[in-house]
Amino acid sequence: MRHDLVTLGIAFAAIVLFVIVAGSVVPTAIRSVQGDAVAPDVLLTNALLLNIALILLGWNRYKALTGKLETHRRSEAEARRLADFDDLTGCLNRRSFAARLEGILRNDSDTRGGALAAIAIDLDNFKQVNDLNGHAAGDLVLRTTCDRIRQVLPEDATLARLGGDEFVCAVPYSLRSPERIEWLAARMIEQVSKSVIHDGISIDVTISIGLASSAHLSSDGRETPAQGLMHKADIAMYHAKKQGKNRFYWFEPPMENELRFRSELKAGIRRGIENGEFVPYYEQQVDLDSGELVGFEMLARWESPEMGLIGPEIFIPIAEEIGVIAELSEKLIARAFTDALRWDPRITLSVNISPVQMRDPWFAQKILKMLVEHRFPAHRLDIEITETCLHENIGMVRSMITSLRNQGVRVSLDDFGTGYSSLSQLRSLPFDQLKIDRSFISELKNGDQSAKLVDAIVSMSDGLKLPITAEGIENENVVNALRRWGQMKGQGYHYGRPEPAEKVLDRLAACGRLGQDPNARVLDITKATPKADLDKTADGGQRAV
Ligand code: C2E
Ligand code: MG
Ligand code: MG
C-alpha cells in the first residue's frame, strides 16, 4: 500500500512538472513547425516525454489500486455476511441473533413500550428425516420450514437459525394481547406440518415451540437479558416436546425445576450404567390352562443409590433421548442371559426392545453375537417390540425380524391394540405372537365393552394364526374370562410382581425348576425361603395367589 502511495506521489509530481515543461516546450515546438522559431531544447523535450510516460504509469497504478480496494471491500462484506447469517436458510445465525436481541432489549423503544416474545422452535424427530431420506432431503426440510415460519412472522420480527434443527424468533408485542403470539405459534405449527416433497417422496415434519416474554425476565446476574429470554423459551420448548411434541407452551417457573431434575436424571443414568445400577427384574408368564410357569419377561429397574428403585417408564425415554439405550439394554440382556442359564431350560426369556434400537441395522447381528457369547439357546429368547417400531422403516424392521427368526429367536408384538398397526402390516410381518395390552385385559371384569375388544383381537390373531399372551391379569375373574377364548399365555400381578434374579432363583428352587447349569445354586431344602417370603415381591407387591 505504501508502495502504491509513492507511485501516486510520483505521478502527481510528474503532472506538475508536465504543466511547467509543456508550457515552454509545446508553444516553441508549434512555432518551430510553423518555421517561426528554432526547435525546442532536446533535454526539455525528453523531459516532457518522460513526464507523459510517468503520468500514464501513475494512472494505470491508480486504476489497479481502486480495483483492489473494491475487491477487498466486497470480500469484507461477504465475510461479514457469512459471520452474521446462516448459509442454508439465509436468516441470522446464533451469534448475530444474540447481539441483535441484546440491542432490542436494551432499547425499550424497539419493543414499542410493550414486550418482546422469544419463540424457540425445534423440529420433531429431525434426525429421522435425515437418516431415512438423506441429508439433501434434510436440507430441503430446513429451508422450507424456515420459509414457512418467515411467511407467518410480522415485519418487525427477527428470525434466526441457531444451528441444526433449532430456530428462534423475537417478536415485539403488546402485553395486553399475548394471544397474538399464541396465534403466531399455532400458525407456524399448522404451516410447517404441511408435507415437503423431495424426489417425489412426501416428508412430514412437525415442530415444538416454547414461548417466553421479556416482561417476566428477572436478572440473577448470571445471564444477560437476551440469554435469560432465550433460555426460558428453550425450557418451554423442551416442555412442549415432553408433552407430546407438535405443540407450544409459554414458559412457567416450575418447568425450570423439572428440567433441572431431568438433567440430574440424565447424569444419574450415565453414572448408573457405569456402576451397574440397572438390573433385570422378572415377571412370570404362565400357561392359563395348566397354570404352569412357561417363561419370564425381563423388566428393567434402576436401583439408584440416591433415589431408590425406579421403573422403566421414567428412565427408558431419557436413555433413548441421550443415546444410551442400546448400551443399557445390551448390559441388561447380558445379565438376563446369565440369570436365565440357571433356570429350567424349558423356561423362556422375553426382553423388551426400544424402537431406537430397531433403527440400528446391526441390531439382529448384535443379539446373535450375544447369544453365542453367552451360549444361550436362541429358541429360549423372545424379543418384544412395540407397534411404534412399525411406523418407522418397515422394510428394515421386516428384515430384522426375519434374520432373528432364521436364527431361532422368537419375536412378539408387545402392547398390541395401543398403536396403529394395520392388518396388512401384521400379515406381512412374521411375528410369533401378539401380546394384548393390559389396558384391555384389566378392564375385562368391568363389562362388555372390553370383552368385545378382546374378542375382536383374539379372532384376528386366530385369523393370522398367531398365539396370544394376555398382559395385566390382576385376579382370578380375569383368568376365568380369558379361558373362554381357548389356549393362551398370560402374565400380571395375579401371578406375581416383577422380582429380582435372586427371588426368581428361590421361586424356581422351591418348585424344583432350577437348571443344570454348573453355576446354578444347589437347592438346600433346609435353607429354602419360606413360601410366605417368596410371595412377597421385591417391589413391594404381594402375590395374589
Ligand atoms: P411392558 O413390556 O408392556 O411390560 C409390562 C408392564 O406392565 C410392566 O411395567 C409390568 O410391571 C406391568 N404389569 C405387569 N402386570 C401388571 C398388572 O397386572 N397390572 C398392572 N397395572 N401392571 C402390570 P414396567 O416394568 O413398569 O414396564 C413398563 C414398560 O417399560 C414395559 O412395558 C416395557 O415397554 C418397558 N420396558 C421395561 N424394561 C425394558 C427394557 O429393558 N428395555 C426397553 N426398551 N423397555 C423396557
Ligand atoms: Mg413387554
Ligand atoms: Mg406390554
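The values are calculated or read from the model by the stated rules, or taken from the named source; none is laboratory data. All figures in this text were calculated on a predicted structure; none of them were measured in a lab. Quick reminder, even Gly has a Cβ in these numbers, built from the backbone with ideal geometry, and neighbours come from all protein chains shown. Only protein heavy atoms, including side chains, enter the accessible area calculation; ligands, DNA and RNA are left aside. Shrake-Rupley method; radii C 1.70, N 1.55, O 1.52, S 1.80 Å.
Numbers at a glance
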{"read-out": "Residue 128 vs. criteria assigned to a helix (DSSP H, G or I), open to solvent by 40 Å² or more (accessible area, probe 1.4 Å), polar (S, T, N, Q) and over 30 Å from residue 393 (Cα atoms)", "value": "no"}
{"read-out": "Test set (1) within 16 Å of ligand 2 (Cβ to nearest atom); (2) within 21 Å of residue 412 (Cα to Cα) - residue 301 fails condition number", "value": "(2)"}
{"read-out": "Where a residue in region 410-428 is over 15 Å from residue 461 (Cβ atoms) and more than 16 Å from ligand 2 (Cβ to nearest atom) and its partner, wherever it lies, is in a strand (DSSP E or B) and not aliphatic (A, V, I, L, M), with Cβ under 6 Å and at least six apart", "value": "none"}
{"read-out": "Qualifying positions in region 381-399 - open to solvent by less than 10 Å² (accessible area, probe 1.4 Å) and either away from ligand 2 (no atom under 13 Å from the Cβ) or under 14 Å from residue 432 (Cα atoms) (or both)", "value": "381, 382, 383, 384, 385, 390, 397"}
{"read-out": "Set 429, 423, 453: member being under 30 Å from the mean Cα position of the chain (by Cα) and open to solvent by 30 Å² or more (accessible area, probe 1.4 Å)", "value": "423"}
{"read-out": "Candidates 505, 464 - the one that is away from ligand 3 (no atom under 15 Å from the Cβ), under 38 Å from the mean Cα position of the chain (by Cα) and in contact (Cβ under 8 Å) with a residue 12 or more places away in the chain", "value": "464"}
{"read-out": "Condition met for residue 466 (assigned to a loop (DSSP other than H, G, I, E, B), of a type in the set (A, V, I, L, M, F, W, C), open to solvent by less than 70 Å² (accessible area, probe 1.4 Å) and modelled with pLDDT of 90 or more)", "value": "yes"}
{"read-out": "Unique match (being assigned by TED's automatic domain parsing to the domain that holds residue 410 and either within 14 Å of ligand 1 (Cβ to nearest atom) or under 27 Å from residue 238 (Cβ atoms) (or both)) among 293, 341, 309", "value": "309"}
{"read-out": "Residue tally, condition touching a residue at least 12 places away in the same chain (Cβ under 8 Å) and either among the basic types (Lys, Arg) or not assigned by TED's automatic domain parsing to the domain that holds residue 11 (or both), over region 59-82", "value": "1"}
{"read-out": "Every residue from region 106-143 that is modelled with pLDDT of 90 or more and within 19 Å of residue 211 (Cβ to Cβ)", "value": "115, 116, 117, 118, 119, 120, 121, 122, 123, 124"}
{"read-out": "Matching residues in region 345-361 - criterion: being at pLDDT 95 or above, away from ligand 2 (no atom under 16 Å from the Cβ) and open to solvent by 10 Å² or more (accessible area, probe 1.4 Å)", "value": "345, 346"}
{"read-out": "In region 138-157, the residues that are among the aliphatic types (A, V, I, L, M) and part of a loop (DSSP other than H, G, I, E, B)", "value": "153, 157"}
{"read-out": "Exclusive hit being under 27 Å from the mean Cα position of the chain (by Cα) and buried (at least 20 other Cβ atoms within 10 Å of the Cβ), set 314, 322, 318, 333", "value": "333"}
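Conditions (1) within 16 Å of ligand 3 (Cβ to nearest atom); (2) within 20 Å of residue 328 (Cα to Cα); (3) outside the structural domain of residue 469 (by TED's automatic domain parsing), marked per residue:
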site	(1), (2), (3)
354	yes, yes, no
372	no, yes, no
377	no, no, no
390	yes, no, no
394	no, no, no
403	no, no, no
406	no, no, no
